[in-house]
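Step one of this worksheet: look at the structure below.
The values are calculated or read from the model by the stated rules, or taken from the named source; none is laboratory data. If you're wondering where the values come from, they're calculated on a predicted model, not measured in any experiment. All Cβ positions, even for glycine, are placed from backbone atoms using ideal geometry, and neighbour counts span all protein chains on display. Note: areas computed on protein heavy atoms with side chains; ligands, DNA, RNA excluded. Shrake-Rupley method; radii C 1.70, N 1.55, O 1.52, S 1.80 Å.
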Amino acid sequence: MSYSKNLKFILGSSSPRRLELLKQINLYPNEIFNPEINEDQKKNELPIFYVKRMAKEKMKVVQKKFPNNLILTADTIVYVGRRIIDKTNDKSKAIKFLELLSGRRHRVSTAFNLYCKDKIDSLRVVTSIVKFKRLTENEIKSYIESNEWKGKAGSYGIQGSAEKFIQFISGSYSNIVGLPLNQVYGSIKSIGYYNEK
């Protein structure tokens with residue numbers, strides 16, 4: 001597989017989970033840059049429009065710093081109907097979120113924006129469906145004590161002990177973690193960049 005040795009691969013995300021996912025498919029960013037943007041949801045903004053806007057706005061920030069490089073930005077959300085289940089570090093909020101997800105299906109969508117000057121500027125959204133078992137009060141309490149939920153969309157991390165709550169998944173597992181690897185790999189490969197180590 002060929003790639004331009006002069007082209008740097010920039011990951012526009014501070015998520016350690018996204019970095020680990022990329023490493024799983026032998027993609028190693030040359031640089032990691034955290035784009036600071038306002039992540040407030042607009043009034044009446046639907047979840048899919050929100051997640052696309054976040055990925056695009058992150059891209060605008062990263063492009064200013066790295067205009068001639070290959071850039072990947074992404075945003076992942078968990079939502080029930082029109083309601084986005086935000087990241088939180090607040091215990092009482094996390095408990096309410098887990099109570100909301102208990103015994104029902106929810107969606108996890110990741111929008112990823114891949115940009116390389118004169119080669120690609122694509123924005124894609126991948127959605128997976130997750131069904132939680134009905135959670136007991138003690139299960140929620142025990143999970144909250146683990147602190148695994150902190151800073152994670154939906155107040156849970158599928159790659160941790162919360163996996164025991166999941167009855168089924170429809171769609172990409174890696175998408176739920178933070179990046180749909182099959183689609184990201186396909187997009188990066190399509191422009192001839194694949195830096196295998």
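Things to note:
- A count restricted to the stretch 19-28 and to residues that are modelled with pLDDT of 95 or more and in contact with a strand residue (DSSP E or B) (Cβ under 9 Å, 6 or more places away or on another chain) stands at 2.
- The set of residues in the stretch 11-27 that are touching a residue at least 60 places away in the same chain (Cβ under 8 Å) and closer than 16 Å to Asp75 by Cβ comprises Leu11, Gly12, Ser13, Ser15, Arg17, Arg18, Leu21, Leu22.
- Options Ile140, Ile144, Ile129; residue that is surrounded by 13 or more Cβ atoms within 10 Å (Cβ to Cβ), modelled with pLDDT of 95 or more and outside any helix (DSSP H, G or I): Ile129
- Here the condition is being of a type in the set (A, V, I, L, M, F, W, C), within 29 Å of Lys65 (Cβ to Cβ) and either surrounded by fewer than 21 Cβ atoms within 10 Å (Cβ to Cβ) or more than 12 Å from the chain's Cα centre (by Cα) (or both); of Leu123, Leu100, Leu135, Leu179, it holds for Leu123 alone.
- Qualifying residue in the stretch 166-173 (condition: at pLDDT 95 or above, in a helix (DSSP H, G or I) and closer than 18 Å to Arg105 by Cα): yes
- Screening Val108 on (1) surrounded by fewer than 19 Cβ atoms within 10 Å (Cβ to Cβ); (2) among the β-branched types (Val, Ile, Thr); (3) closer than 29 Å to Pro29 by Cα shows it passes everything except condition (1).
- Within the stretch 147-168, considering residues that are more than 16 Å from the chain's Cα centre (by Cα) and either under 19 Å from Val80 (Cβ atoms) or of a type in the set (S, T, N, Q) (or both), the one most open to solvent (accessible area, probe 1.4 Å): Gln167
- Count - residues of the stretch 34-68 that are part of a loop (DSSP other than H, G, I, E, B) and open to solvent by less than 50 Å² (accessible area, probe 1.4 Å): 4
- Verdict on Asn30 being in contact (Cβ under 8 Å) with a residue 40 or more places away in the chain, more than 26 Å from Leu135 (Cβ to Cβ) and open to solvent by 10 Å² or more (accessible area, probe 1.4 Å): no
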